[in-house]
Amino acid sequence: MSEQERLDSHRAMAEAWIKTCFQDRAPRGDLYDAMNYSLLAGGKRIRPVLMLETCRLCGGEPEQILPFAGAIEMIHTYSLIHDDLPCMDDDDLRRGRPTNHKVYGEATAVLAGDALLTAAFEWMLDPSVTLPPQRVLEAAGVLARAAGAQGMVGGQVLDMAGEGHAMGLTEVEELQRLKTGALIRAAAEMGCVLAGGSDEQRKAVCRYAERLGLAFQIQDDILDVVGDEATLGKPVGSDAKSEKNTFVTLKGLEECHRLVDRLTDEAVEALSLFGEESESLCWLARSLASRDK
Ligand code: GRG
C-alpha cells in the first residue's frame, strides 16, 4: 500500500464513521441537520487522519479509535461554525458552501457548534469504546485541554485581541500555536496515547505535529493572499480585511515559503525513530506544505 493509499483509507474510514454517527438520534428541530450540514461538508479531515496514522505507527488499531477521530473533527467543525458567525469573522462561505448561520440562522448555528463540542465527549466516553479506561481518560483530557482556554479557544481570544494593531512574531507564533496548532498536536498525541505508545514515541509525534501545525498555519496565511477562492471554498483576503496579524504580514510571502519548507523538514526529522514506517506521515507533511486548499 502506498503512503497516499494508507492515508486515503484512514480518511475513508473516518468519513464513513462521521456520516452515520448521528443517524439514530431522535430529531431536535433542525439541530442535527445543522450539525451534519457542516460536519459532512467535505473538509480535508487532516486531524482524524493524523490521529489514525499515529495510532497505527505506535502499534495500535486505527479501527478501534474511530470515535476519537470523529470527536476531534466535531470539535474542529464547531470551531469553524463559531468562527464564521457575525460576532467573529462574519464569513459567508466555508468548505465551498454558505456558512452554517447563513442557512440555519445564528441561534441554531451557535447551538449546532455547542452540540458538536458536547457530542465529541459523548462519543469518546461511549460505552462501546473497548480500549483501556486509562488511555480513554488520558486522550479525552488531551483533547479537552487542546480545545479550551489553554488551547484553541485561548488562541482565538488572542487573535481577536490583536486585530487592528501590530503584533510581533513571538506573539503571532504563540497565538497560532494555540488557535490552530493545539488541535493538530492533540490529534497526533491522542493517536499515540490510545495505541499505548511509549513516552519516546509520544514526544516524537508531538514534535512532528507542532512543526506540521505551524507550517500548516503559515501555508493558510499564504493561501489567504495568493489562493483561489473556488479551490479554497472560502473567501481570500479576509485576514487583510480584518487587519489580522499573520505570518505573511510579518515576514512577507517569500520568507513564509521558506519557513514552510524548513518546518516541514523538521517535522519529518522528528519521526526518525520510526524509520520507514513513518513514510505516510512524512508524505502528509510534504503534501500539506504544497497544498492549494
Ligand atoms: C470559534 C472557538 C472558536 C475557535 C476558532 C480554528 C479557529 C478557532 C478558527 C478557524 C479559523 C481559521 C481559518 C484558521 C486557520 C487554520 C485553520 C484551522 C483552517 C481550517 O482548517 P482546515 O484547513 O479546514 O483543516 P477543513 O475545512 O479542511 O477541515
| request: Could you tell me which residue of the stretch 75-96 is least open to solvent (accessible area, probe 1.4 Å), considering only residues that are in a helix (DSSP H, G or I) and touching a strand residue (DSSP E or B) at 6+ places or on another chain (Cβ under 9 Å)? | output: 81
| Lone unmet requirement of (1) over 18 Å from residue 147 (Cα atoms); (2) open to solvent by 60 Å² or more (accessible area, probe 1.4 Å); (3) under 21 Å from the mean Cα position of the chain (by Cα) for residue 200 | (3)
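Tell me, please, whether a residue that is open to solvent by less than 60 Å² (accessible area, probe 1.4 Å), within 20 Å of residue 41 (Cβ to Cβ) and within 15 Å of the ligand (Cβ to nearest atom) can be found in the stretch 137-144.
Checking the stretch 137-144: not a single residue is open to solvent by less than 60 Å² (accessible area, probe 1.4 Å), within 20 Å of residue 41 (Cβ to Cβ) and within 15 Å of the ligand (Cβ to nearest atom).
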| Of the residues 72, 65, which single one is within 15 Å of the ligand (Cβ to nearest atom), part of a helix (DSSP H, G or I) and surrounded by 24 or more Cβ atoms within 10 Å (Cβ to Cβ)? | 72
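Condition check: within 16 Å of the ligand (Cβ to nearest atom), of a type in the set (S, T, N, Q) and part of a helix (DSSP H, G or I). Does residue 156 satisfy that?
Criteria met by residue 156.
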| field | In the stretch 218-253, residue least open to solvent (accessible area, probe 1.4 Å) [restricted to those that are within 14 Å of residue 89 (Cβ to Cβ) and of a type in the set (S, T, N, Q)] | value | 246
| field | residue 183, sole failed condition from (1) within 15 Å of the ligand (Cβ to nearest atom); (2) surrounded by fewer than 22 Cβ atoms within 10 Å (Cβ to Cβ) | value | (2)
| In the stretch 39-56, what residues are assigned to a helix (DSSP H, G or I) and touching a helix residue (DSSP H, G or I) at 6+ places or on another chain (Cβ under 6 Å)? | 39, 47, 48, 49, 50, 51, 52, 53, 54, 55, 56
| query | Based on what the data block shows, is residue 63 touching a residue at least 24 places away in the same chain (Cβ under 8 Å), in contact with a Leu (Cβ under 7 Å, 6 or more places away or on another chain), closer than 21 Å to residue 202 by Cα and of a type in the set (D, E, K, R)? | reply | no
| remark: Condition set surrounded by 22 or more Cβ atoms within 10 Å (Cβ to Cβ) and more than 15 Å from the chain's Cα centre (by Cα), scope the stretch 39-59, selection nearest to residue 199 (Cα to Cα): answer is 58
| query | Of the residues that make up the stretch 18-31, is at least one within 16 Å of the ligand (Cβ to nearest atom) and open to solvent by less than 10 Å² (accessible area, probe 1.4 Å)? | reply | yes
| field | The one condition in (1) outside any helix (DSSP H, G or I); (2) touching a residue at least 24 places away in the same chain (Cβ under 8 Å) that residue 183 fails to fulfil | value | (1)
| task | Kindly indicate whether residue 47 is within 9 Å of the ligand (Cβ to nearest atom), touching a residue at least 40 places away in the same chain (Cβ under 8 Å) and not hydrophobic (A, V, I, L, M, F, W, C). | result | yes
| query | Out of all the residues in the stretch 186-197, which are open to solvent by less than 20 Å² (accessible area, probe 1.4 Å) and out of contact with any Phe, Trp or Tyr (no Cβ under 7 Å at 6 or more places or on another chain)? | reply | 186, 187, 191, 192, 193, 195
| request: Return the residue satisfying two criteria in turn: it lies in the stretch 97-107 and is in contact (Cβ under 8 Å) with a residue 12 or more places away in the chain and surrounded by fewer than 20 Cβ atoms within 10 Å (Cβ to Cβ), and of such residues it is nearest to the ligand (Cβ to nearest atom). | output: 97
| request: Considering only residues that are polar (S, T, N, Q) and outside any helix (DSSP H, G or I), look in the stretch 1-38 and name the one that is nearest to residue 287 (Cα to Cα). | output: 2
| query | Among the residues of the stretch 160-175, which ones are assigned to a helix (DSSP H, G or I) and either more than 16 Å from the ligand (Cβ to nearest atom) or open to solvent by less than 10 Å² (accessible area, probe 1.4 Å) (or both)? | reply | 162, 169, 170, 171, 172, 175
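The values are calculated or read from the model by the stated rules, or taken from the named source; none is laboratory data. Remember, predicted model here, so these are calculated numbers, not experimental data. FYI the Cβ positions are ideal-geometry reconstructions off the backbone, even for glycines, and counts take in every protein chain you see. SASA here: full protein model, heavy atoms, side chains in, ligands and nucleic acids out. Shrake-Rupley method; radii C 1.70, N 1.55, O 1.52, S 1.80 Å.
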